[in-house]
Amino acid sequence: MKISFIGTGHVGLVSGVMMSYIGHEVTCIDIDEFKINQLRQGTTTIFESGLNQYMDLCYRNNQLKFIHGYDRSIQDAECIFITVGTPTKKNGDQDLSEVFACCTKVAPYISNKCAIVIKSTVLPGTCLKISQFIKNKGLINSVISNPEFLREGQAIQDFLNPDRIVIGAQNAEDFRLMRQIYEPIISQGITCIETNLNTSELIKYVSNTFLANKIALMNEMANLCEIIDADITKLSYAVGLDKRIGHEFLNVGPGFGGSCFPKDLLALQQLSRHLDSRCLILDSVIKSNKYRSQYIFNKIMDAIGLDISKKNIAILGLTYKAGTDDLRNSPTIALIHKLRAQNANIVAYDPQGIRNIENYLEDLYCVNNLYQAIEYSDAIIIMTEWLEFKNIDLIKAKKIVKQPVIIDLRNVIDNTYATYCGFKYYSIGQKDE
Ligand code: UGA
């Protein structure tokens with residue numbers, strides 16, 4: 001089938017490339033000319049493991065095109081996926097201006113058989129509004145909801161082997177169209193949920209809220225473990241063995257971040273406020289994660305000693321999690337601001353995130369090597385769970401640091417081994433040795 005994607009951010013680019021890989025003729029469109037030129041030259045604009053190879057393959061097979069702006073090249077599209085951003089406005093509402101702008105801009109080109117599929121994360125009620133919006137322009141195109149569940153860093157596996165595909169539509173023909181698009185995936189036995197537009201939109205929000213809830217609960221239980229001398233690692237393992245709970249998203253850390261969880265939870269909270277539908281659990285998860293940032297700062301201050309001015313702090317990990325170069329809502333950025341306010345000297349290292357740091361902290365001193373970062377440090381703070389940090393050579397590290405202190409906010413290092421190597425080791429939710 002001929003499919004167009006509007007917006008080549010993380011979701012649009014991965015989905016566009018992978019739709020092409022499963023056999024469709026895909027055109028990816030963006031208003032950012034620089035980005036499109038880069039993509040045409042075969043350079044991916046985001047870090048996503050494996051994406052380059054899939055993009056190369058599809059591009060060489062003439063199954064994938066990149067276009068700057070809107071033109072006649074979309075007139076043959078049987079379906080257009082909208083994958084642009086839905087950020088939060090200053091007043092807390094979801095900003096749908098980009099989504100509506102796309103609908104307006106594609107309108108002059110598309111045929112009336114072309115379905116408009118909303119893949120951007122939008123609040124319940126949005127697809128119905130879009131449907132009305134395009135009707136008011138005299139168009140009769142279908143509007144379909146098809147939320148995405150791709151995790152950064154694992155987006156390709158998530159696309160090819162999703163837990164489910166969710167489709168919200170208003171008639172049998174639209175469901176048929178979407179099943180046809182996803183046929184190569186559905187035929188592997190993947191469940192496809194067909195429902196109305198509002199339910200489809202809400203499924204996405206409830207999934208993210210549920211996952212964020214799991215993380216926030218375990219982070220709070222880790223705080224309790226520290227007080228009563230219990231062990232969060234054993235605890236989460238045992239709790240996760242209950243099949244009704246499962247092991248995933250029980251890992252403690254510096255709080256959840258990224259471009260999705262914080263934004264989506266706030267959007268759902270705002271919707272429930274507008275509709276006067278109390279959502280107390282959601283309120284608590286947001287509050288809990290906000291407090292997490294202060295909690296970890298206090299923990300660091302307790303570990304290093306209250307006066308950290310002029311102390312050399314090595315920050316390992318800038319991104320909000322491993323496997324990405326994305327720094328949006330990264331707990332590390334918030335922490336660095338707090339440490340700087342105390343006049344600490346910061347050196348940072350991240351295997352992928354440094355290339356984006358200037359958009360957030362342009363004068364941060366970053367180095368390209370883990371051991372260079374920790375040299376002469378008074379404390380090492382591990383913020384993300386990159387394998388490289390887990391595999392750090394502690395014997396070598398001990399020789400080059402000024403003070404052997406590790407504050408491991410992802411529990412990636414073995415407590416006993418760190419102590420054996422001569423480090424004062426602090427982790428989350430465990431008794432410090
Ligand atoms: C999340 C969802 O997992 C995807 O299903 C969804 O499609 C995406 O948001 C979205 O809405 O577009 P992502 O933001 O890539 O994906 O990241 P996650 O892997 O979910 O991690 C989110 C945050 O939770 C990170 O800060 C991570 O470090 C933290 N986390 C995750 C934990 O602290 N502990 C865990 O056990 C898992």
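The values are calculated or read from the model by the stated rules, or taken from the named source; none is laboratory data. Every value quoted in this text rests on a predicted model; they were computed, and no experiment measured them. Because the Cβ atoms are built from the backbone with ideal geometry, glycine has one as well, and the counts that use them run over all protein chains shown.
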(request) Could you please give the count of residues in segment 1-18 that are more than 12 Å from the ligand (Cβ to nearest atom) and surrounded by fewer than 24 Cβ atoms within 10 Å (Cβ to Cβ)? (result) 4
(message) Six or more apart or on different chains, Cβ atoms under 6 Å: show the pairs whose first residue is in segment 204-233 and within 30 Å of Ser145 (Cβ to Cβ) and whose second is in a helix (DSSP H, G or I) and away from the ligand (no atom under 11 Å from the Cβ).
(response) Tyr205/Leu268; Thr209/Leu282; Ala212/Val285; Asn213/Val285; Ala216/Val285; Ala216/Ser288
(message) I need a count of the residues in segment 77-131 that are of a type in the set (D, E, K, R) and under 16 Å from Gly16 (Cβ atoms).
(response) 2
(message) Being within 20 Å of His10 (Cβ to Cβ) and in a loop (DSSP other than H, G, I, E, B) is the filter here; which residues of segment 139-148 pass it?
(response) Asn146, Pro147, Glu148
(message) Would you confirm, using the coordinates I've provided, whether Ile165 is at pLDDT 95 or above, within 16 Å of the ligand (Cβ to nearest atom), surrounded by 15 or more Cβ atoms within 10 Å (Cβ to Cβ) and under 30 Å from Lys431 (Cα atoms)?
(response) no
(request) Output yes when any residue across segment 191-203 is within 12 Å of the ligand (Cβ to nearest atom), crowded, with 17+ Cβ neighbours inside 10 Å and touching a residue at least 24 places away in the same chain (Cβ under 8 Å), and no when none is. (result) yes
(request) Given the conditions (1) within 13 Å of the ligand (Cβ to nearest atom); (2) touching a strand residue (DSSP E or B) at 6+ places or on another chain (Cβ under 7 Å); (3) of a type in the set (Lys, Arg), report the number of the one that Arg151 does not fulfil. (result) (2)
(request) From Ile215, Ile286, Ile232, grab the single residue that is among the β-branched types (Val, Ile, Thr), crowded, with 17+ Cβ neighbours inside 10 Å and within 11 Å of the ligand (Cβ to nearest atom). (result) Ile215
(request) Kindly indicate whether any position in segment 218-233 is touching a Ser or Thr at 6+ places or on another chain (Cβ under 9 Å) and either of a type in the set (Val, Ile, Thr) or part of a loop (DSSP other than H, G, I, E, B) (or both). (result) yes
(message) Checking the structure you have, find out if any residue of segment 281-304 is more than 23 Å from Ile407 (Cα to Cα), of a type in the set (Asp, Glu) and under 22 Å from the mean Cα position of the chain (by Cα).
(response) yes
(message) So the check is Cβ under 7 Å with 6+ separation or different chains; which pairs have a first residue in segment 145-168 that's farther than 25 Å from Trp386 by Cβ and a second one that's among the acidic types (Asp, Glu) and more than 12 Å from the ligand (Cβ to nearest atom)?
(response) Ser145/Glu201; Pro147/Glu201; Ile167/Glu194; Gly168/Glu201
(request) From Lys321, Lys299, grab the single residue that is part of a helix (DSSP H, G or I), within 16 Å of the ligand (Cβ to nearest atom) and buried (at least 17 other Cβ atoms within 10 Å of the Cβ). (result) Lys299
(message) Here are the criteria: (1) within 14 Å of the ligand (Cβ to nearest atom); (2) without any contact (Cβ under 8 Å) to a residue 60 or more places away in the chain. Tell me which single one Arg179 does not satisfy.
(response) (1)
(request) Output the number of residues of segment 149-199 satisfying the condition of being part of a helix (DSSP H, G or I) and of a type in the set (A, V, I, L, M). (result) 10
(request) Filter segment 410-433 down to residues that are within 14 Å of Ile304 (Cα to Cα) and either under 27 Å from the mean Cα position of the chain (by Cα) or of a type in the set (Ser, Thr, Tyr) (or both), then give me how many there are. (result) 3
(request) Find all pairs meeting these conditions: Cβ atoms under 7 angstrom apart; at least six residues apart or on different chains; first residue within segment 320-347 and closer than 14 Å to Ile300 by Cα and in contact (Cβ under 8 Å) with a residue 40 or more places away in the chain; second residue more than 16 Å from the ligand (Cβ to nearest atom) and part of a helix (DSSP H, G or I). (result) Leu335/Phe297; Lys338/Phe297
(message) When the residues of segment 260-273 are narrowed to those that are in a helix (DSSP H, G or I) and within 7 Å of the ligand (Cβ to nearest atom), which ends up farthest from the chain's Cα centre (by Cα)?
(response) Asp264
(request) Only residues that are crowded, with 20+ Cβ neighbours inside 10 Å, within 25 Å of the chain's Cα centre (by Cα) and under 18 Å from Ile333 (Cβ atoms): list them for segment 355-379, please. (result) Ile357
(request) Answer yes if at least one residue in segment 246-259 is within 14 Å of the ligand (Cβ to nearest atom), in contact (Cβ under 8 Å) with a residue 12 or more places away in the chain and in a helix (DSSP H, G or I), and no otherwise. (result) no
